[in-house]
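Only one structure is covered here, and it is reproduced in the block below.
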Amino acid sequence: EGLVLRDLAIRFIPPEYTGSQVSAWGLGSIALLGLGMMLLQGSVSMPSPFEAAVLFCAVLFGTWGYWAIIAATRTGEVSVVTPFRYARLVFAIVIGAAVFAEWPDAVTLCGAAIIILSGLYSFASERARQRALSLSCLQNSWCA
């Protein structure tokens, strides 16, 4: 999955590059992709003032959200950060239903449930591993 590769790549970015710089590169790559898609499609239409405002908000909040994901991925434990990333599935389903009147089919719901449950399982197993390590450290007095 692309998100996993991106998260792993973010961990290897040198610390001297700020989250804002990485976010700007991400936004730039999306802008180039969008430009390429417009050129391939062959037709472009100007957005209405309302659509332009919505697009501006999407860019603003999307950039801020991407920056937050980068900061969390660079500084936090992956097993803790990842389950929260899956929350977007829930929000996407709710927004799709509320705004677009689109309801996911059974296969989509099953896939989303598998993804969310696997993330929760990873989170729980990592916490159990950390707890066992802490107990072992306290019992054996071998930790510094």
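The values are calculated or read from the model by the stated rules, or taken from the named source; none is laboratory data. In this text, all values refer to a predicted model and were calculated from it rather than measured experimentally. Every residue, glycine among them, receives a Cβ derived from its backbone with ideal geometry; neighbour counts consider all protein chains shown. The accessibility values were calculated without ligands, DNA or RNA, using every heavy atom of the protein model including side chains. Shrake-Rupley method; radii C 1.70, N 1.55, O 1.52, S 1.80 Å.
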Report summary line: The simple spin-label model distance between Phe12 and Ser118, using points 7 Å out along Cα→Cβ, in nm, is 2.2
Requested in this report: Considering only protein heavy atoms, with the full assembly of protein chains and a 1.4 angstrom probe, order Tyr66, Tyr121 by accessible area, largest first.
Outcome: Tyr121, Tyr66
Report task. Return the Cα extents of the range 23-70 along principal axes one, two and three, sorted largest first, each rounded to a whole Å. Result -> 34, 24, 11
Requested in this report: Return the sequence-ordered ³J(HN,Hα) values of the range 56-68 in whole Hz as given by the Karplus equation 6.51 cos²θ - 1.76 cosθ + 1.60 applied to θ = phi - 60°, using x for Gly and Pro.
Outcome: 4, 5, 4, 5, 4, 6, x, 5, 5, x, 5, 4, 5
Query - Charge dipole of the chain about the Cα centre (unit charges at C-beta), most positive-ward option of Ala128, Thr18, Ala68 - result: Ala128
Query raised in the report: Debye sum, Cα scatterers, the chain, no solvent: what log₁₀ I/I(0) at q = 0.12, 0.13, 0.17 1/Å?
Result: -0.74, -0.85, -1.23
Requested in this report: Please identify, among Phe100, Phe12, Phe56, the residue showing maximal mean-square fluctuation in a Gaussian network model of the chain using a 10 angstrom Cα cutoff.
Outcome: Phe100
**Report entry** Under the Karplus curve 6.51 cos²θ - 1.76 cosθ + 1.60, θ = phi - 60°, whole-Hz ³J(HN,Hα) for the range 17-34, x wherever Gly or Pro sits
**Finding:** 8, 6, x, 5, 5, 5, 5, 4, 5, x, 5, x, 5, 5, 5, 5, 4, x
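Could you sort the peptides 40-46, 13-19 by per-residue average Cβ neighbour count (10 Å cutoff), highest mean leading? Could the numbers behind the result be given before it?
Details: 40-46: 6.7, 13-19: 11.3.
Most protected by this proxy first, the peptides run 13-19, 40-46.
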